[in-house]
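See below for the structure under consideration.
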Amino acid sequence: MASVSEMYDVGWEEMRDKLRKWREDNFRNSEQIVDVGEELISEHGSKLGDDIWIIYEQVMIAALDCSRDDLALTCLQELRKQFPDSHRVKRLSGMRLEALERYDEANKHYDAILQEDPTNTAARKRKISILKAQGKSTEAIRELNEYLEHCINLLIVFPCDFHSYGKAAFCLEELMMTNPHNHLYCEQYAEVKYTQGGLENLELSRKYFAQALRLNNRNMRALFGLYMSASHIAASPKVSAKVKKDNMKYASWAASQINRAYKLAGRGTKENKCSVKAVEEMLESMQITMS
Amino acid sequence: MGEVELSCRAYVKMYLHACLFPRCSINGLLLSSSSAGGAVCVTDCVPLLHSHLPLAPITQLALTQVDVWCSQTQQRIVGYYQANACVSDSSPTPCALKIADKIAEQFDSAVLLMLDGSKMSPDYRVPPIVMYERKDSRWTLKDKHMIMLRQWEETRAIAGQMMESGDHMQLVDFDTHLDDITKDWTNQKLNTKIAELASPANGNI
């Protein structure tokens, strides 16, 4: 069979540049990559310098697509020799095992990565796709939930920009869609909206605190959240008289529920008296700012 | 900025809070029952969160509730503490700075205390804390010599002993309280136990 360079009359540099272009543009033209890459590596490997490693990776992935496990293994072995402890290479090992449908072994690889680096999102995503490939949709959803929760945590603890809370809200929207009965996601979403601030977000937060309560009427965070969001809306100069009145109703309902819950909790326990009083006063002090 | 004194009770409860949730970020408020002026004496602390995201509503709620309780009990909020889930990094997060700023609005000499997770093993000799104070609108490291822990050896021993006997399982933070409001975030039971363990000869703990 004629070589690529013969067929297309190209030199090794052009082959290398083509591979780079395909990498940068994220092309998955795996058969072409395998043809060009295999020849480049075997005939001109020594000329590639440090580029050879990223080419090994590119060719390996393409080889898996074309069921060329022999080529994939060769590339992988070279990468393993050069980068023995790399998580990136471990992930490639995992991908190869996935392609061979050796899912348990692949999972072990990804778990090992996550053990050392719990923030490794690539490994988490691979685990989810394995579950989907095996038709285990419940488990896939569970892993997806964990992944999203992890993202939310990162976004909120270390907000890197103005959009971090928005991104966290988006993750929570995904979680609420796949887990519609989960009151915690509803309540967290409401909290993010509240934190983002502004009248529209406050109204959304109030709605979702209310929804969380419908799903679980003992969620104290949701109850307090409802009280706080409704109070803030009622206190806003931008709302109509009707909206003000409605929100004052929601707030006072929430306040009475809170007081009732604390009175019930405080029965019989002497030590709880401080909490009950603190809550009563707190609700009163918040009301003053409202009017 | 002046001296800051950390009482046994405040330190032990912070320590137990961190031990109870070793894989989470935890935070809480530092309180003082002494009058303003002179050294800041942190006499107590209220553990706040461990799992819940540090978002506005619950944080506001906790600050307001603790504030109200403080005014009922002649105390004031004088600082904030936090221990990061990632033990290798004990620097204040954006959330920590925000809350500390809020506290500083009400109390000039407010302190921000970070617990250093990497130094909390049983054989640690020095208090695993890093303290910040506000200078020119920025939180800067406080001179270690201005931080006092009276009876440090005894405090360390009490903290260790209570950990060993599982007392940290009884610690209630605000998060736990919201999950079950019959639980007391002022931790009176633990306060009593700490006082009992402290040397009877030592009057001012």
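Simple spin-label estimate for A:D161 and A:K125 gives 1.8 nm between the two label positions (7 Å along the Cα-to-Cβ direction from each Cα).
May I ask for the percentage of alpha-carbon pairs in the stretch A:1-84 that lie more than 21 Å from each other?
Values: 774 of 3486 pairs.
The answer is 22 percent, as a whole percent.
For B:S25, the amide hydrogen comes within under 5 Å of the amide hydrogens of B:A85, counting only partners 5 or more places away or on other chains and with H modelled in the peptide plane.
Each residue of the stretch B:118-133 is assigned a 3J(HN,Hα), and the resulting list reads 6, 10, 9, 5, x, 9, 6, 9, 9, x, x, 10, 10, 10, 10, 10 Hz, derived from the Karplus form 6.51 cos²θ - 1.76 cosθ + 1.60 (θ = phi - 60°), x at Gly and Pro. To the nearest ten degrees, helix A:121-133 and the longest principal axis of the Cα atoms of chain A are 80 degrees apart. Residues within the reach of a label modelled at A:I54 (point 7 angstrom out along Cα to beta-carbon, backbone nitrogen below 19 Å), restricted to the stretch A:85-122, are A:86-92.
The residue among A:V36, A:N217, B:M162 whose Cα reaches farthest toward the positive pole of the charge dipole of the protein assembly as shown, with charges on the beta-carbon of Lys, Arg, Asp and Glu, is A:N217. Going by neighbour counts of Cβ atoms within 10 Å, the residues B:H17, A:H87 line up, fewest first, as A:H87, B:H17.
Taking 20 Å as the straight-line reach from the Cα of B:K142, the lysines in range (excluding those fewer than 8 positions away in the same chain) are B:K98, B:K102, B:K119. For the protein assembly as shown, a crude dipole built from +1 on the beta carbon of Lys and Arg and -1 on the beta carbon of Asp and Glu, taken about the Cα centre, is about 2380 debye to the nearest 20. For B:E5, the residues whose amide H sits under 5 Å from its own are B:V40, B:C41, B:V42, B:M148, ignoring neighbours fewer than 5 places away on the same chain, with H placed 1.01 Å from N. Annotation: the stretch B:39-109 has a Kirkwood hydrodynamic radius of 13.3 angstrom, from the mean reciprocal C-alpha pair distance. Shape descriptor for the stretch A:182-240: Rg over Rh equals 0.98 (Cα atoms; Rh from the Kirkwood inverse mean 1/r). For chain A, modelled as a GNM whose springs connect Cα atoms under 10 angstrom apart, the maximal fluctuation among A:L148, A:L172, A:L204 occurs at A:L204. Under the simplified labelling scheme, the B:S51-A:D246 pair shows an inter-label distance of 3.5 nm, with each label point 7 Å from Cα along Cα→Cβ. Across B:V12, B:V126, B:V78, mean-square fluctuation computed from a Gaussian network of chain B (C-alpha pairs under 10 Å connected) peaks at B:V126.
Where a ≥ b ≥ c are the square roots of the eigenvalues of the C-alpha gyration tensor, would you call the stretch A:93-178 rounded, which needs a/c under 1.5, or, failing that, prolate if a/b is larger than b/c, or oblate?
Numbers: a/c = 3.11, a/b = 1.70, b/c = 1.82.
It is oblate, given that a/c is not under 1.5 and a/b is not larger than b/c.
Computed from the alpha carbon atoms alone, the convex hull of the protein assembly as shown holds 208 Å³ per residue. GNM on chain B, alpha-carbon springs under 10 angstrom: the most fluctuating residue among B:G28, B:G79, B:G166 is B:G166.
Read the figures in this text as sums done on the coordinates, not as results from a lab. Here the structure is a predicted model, which is why all the values come from computation and not from measurement. Don't worry about glycine lacking a Cβ; one is built from the backbone with ideal geometry, like all the others, and counts go over all protein chains shown.
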